[in-house]
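Reading through the structure tokens given below for one structure.
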Amino acid sequence: MNCQLKTLCGVVAIAFAMTATQTSARTFRSADVHAKDYPTNLAVKYMGDELSKATGGKDNIKVFGDSSLGSEKDTIEQVKIGALDMVRVNTSAFHGIVPESMIPAFPFLFRDLDHFRKTMYGPQGDKILAAFEKAGFIGLAFYESGARSMYAKKPIKSVADMKGLKVRVQPSDLWVSIINSMGASPAPMPFAEVYTGLKTGLIDAAENNYPSYEETKHFESAPYFSETLHAMPPEVIVFSKKVWDTLTKEQQAAIRKAAKDSVPYYVKLWEVKEKDAKAAVIKGGAKITPASEIDRKSFVDAEKPVWDKFATTPEMKGLVQEVVNAK
Ligand code: GTR
């Protein structure tokens, strides 16, 4: 084409580019630290299938599990710069980037699972997801992850039993404070390093839900699982805003819908997994201290002050209150 008529050529080039964006098929890459058959990965795969159906086979999602693209922190950084399209991580991985993501990790925030579901799959959850955008991420959906509990080489019945223990936490200032508030010593490290940390004695304890405790075989070196049920931070599916802004409105709407539609699918898998994982760790030699034998008040009294330390703005305080008040 003879491009002496610069304006016309420019218009033609833009038109070509727009058509290319609208029609090019995309396989979005998504990272996860869990194995292929863990509920988060099965649900993101389902999300990809739904997306594919909605776009007539054009768009899909490929999951890279087992921390193969790095730790949660590494993959978030890749998503931020648009080198990776999507990620499924625990909300704790966003604490330093999206302050609102800390709220569901506040110790003993949720009265029970029902309270969690009403708020995090409801209006307060939507507000937290929306807060990801100003940090350069599109928050698509939460997946529940049960309640986290302590596990160690001895049973933990009251906060006094935590004294002096070296406890692995997800890399987050909030988690460091939570462990400090119990008189223990926090050791932030990526998920994939905890197994060796426990085996070599670098750490004495960690905390998580039954499915992660089972998947990672942490029960081999920390066989006492004590149901402290201290926090319920959900998993989150996050899209790169850099990539998002190159997509059409239709693609964006299809991705949002597929993510939301994957939640009930996930919840069904999760409920089964929680039960199976508990049975499996017991079979593998884990000794459970049930919630009924835990001095819950001692943990609540020690950890509750952390809320005020991290909900510092009127907006954060307001949102916490909204969650607490939700019936
Ligand atoms: C799990 C969660 C992972 C990861 C892990 C951890 O429950 O599903 O995404 O955050 O905890 O403790 O690092």
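In the set Val236, Val263, Val320, only one residue is part of a strand (DSSP E or B), β-branched (Val, Ile, Thr) and at pLDDT 95 or above; that residue is Val236. Identify, please: which residue in segment 231-242 is open to solvent by less than 10 Å² (accessible area, probe 1.4 Å) and away from the ligand (no atom under 13 Å from the Cβ) and is, among those, farthest from Lys80 (Cα to Cα)? Only one residue fits best here, namely Phe239.
Evaluation of Thr40 against the conditions (1) out of contact with any His (no Cβ under 6 Å at 6 or more places or on another chain); (2) open to solvent by less than 50 Å² (accessible area, probe 1.4 Å) shows that the sole unmet condition is (1).
Taking the criterion of being touching a helix residue (DSSP H, G or I) at 6+ places or on another chain (Cβ under 9 Å), away from the ligand (no atom under 12 Å from the Cβ) and in a loop (DSSP other than H, G, I, E, B), the residues of segment 193-217 that qualify are Leu202, Ile203, Asp204, Lys217. With respect to Lys73, determine if the residue is open to solvent by 40 Å² or more (accessible area, probe 1.4 Å) and either away from the ligand (no atom under 12 Å from the Cβ) or over 16 Å from the mean Cα position of the chain (by Cα) (or both). No: the conditions fail for Lys73. When we screen Gly318, Gly284 for residues that are open to solvent by 20 Å² or more (accessible area, probe 1.4 Å) and in contact with an Asp or Glu (Cβ under 9 Å, 6 or more places away or on another chain), the only hit is Gly284. On inspection, Val272 fails the criterion of being in a helix (DSSP H, G or I) and either closer than 20 Å to Thr228 by Cβ or touching a helix residue (DSSP H, G or I) at 6+ places or on another chain (Cβ under 7 Å) (or both).
What number of residues within segment 43-56 satisfy the criterion of being touching a Ser or Thr at 6+ places or on another chain (Cβ under 6 Å) and either open to solvent by less than 10 Å² (accessible area, probe 1.4 Å) or β-branched (Val, Ile, Thr) (or both)? Residues that pass the stated criteria total 3.
Residue selection: Glu250 fails the criterion of being closer than 28 Å to Ile61 by Cβ, in a helix (DSSP H, G or I), open to solvent by 50 Å² or more (accessible area, probe 1.4 Å) and within 14 Å of the ligand (Cβ to nearest atom).
Residue pairs whose Cβ atoms lie under 8 Å apart, sitting 6 or more positions apart in sequence or on different chains, and linking a residue in segment 206-231 that is within 15 Å of Arg296 (Cβ to Cβ) to a partner that is in a helix (DSSP H, G or I) and open to solvent by less than 30 Å² (accessible area, probe 1.4 Å), are Thr228/Phe299; His230/Ile178; His230/Phe299; His230/Glu303; Ala231/Pro104; Ala231/Ala105; Ala231/Ile178.
The values are calculated or read from the model by the stated rules, or taken from the named source; none is laboratory data. Treat the numbers as computed from the prediction; the structure is a model and nothing was measured. Using ideal geometry, Cβ is built from the backbone for each residue, glycine included, and neighbour counts are taken over all protein chains shown. Just so you know, the surface numbers come from the protein's heavy atoms only, side chains and all, with ligands and any DNA or RNA stripped out. Shrake-Rupley method; radii C 1.70, N 1.55, O 1.52, S 1.80 Å.
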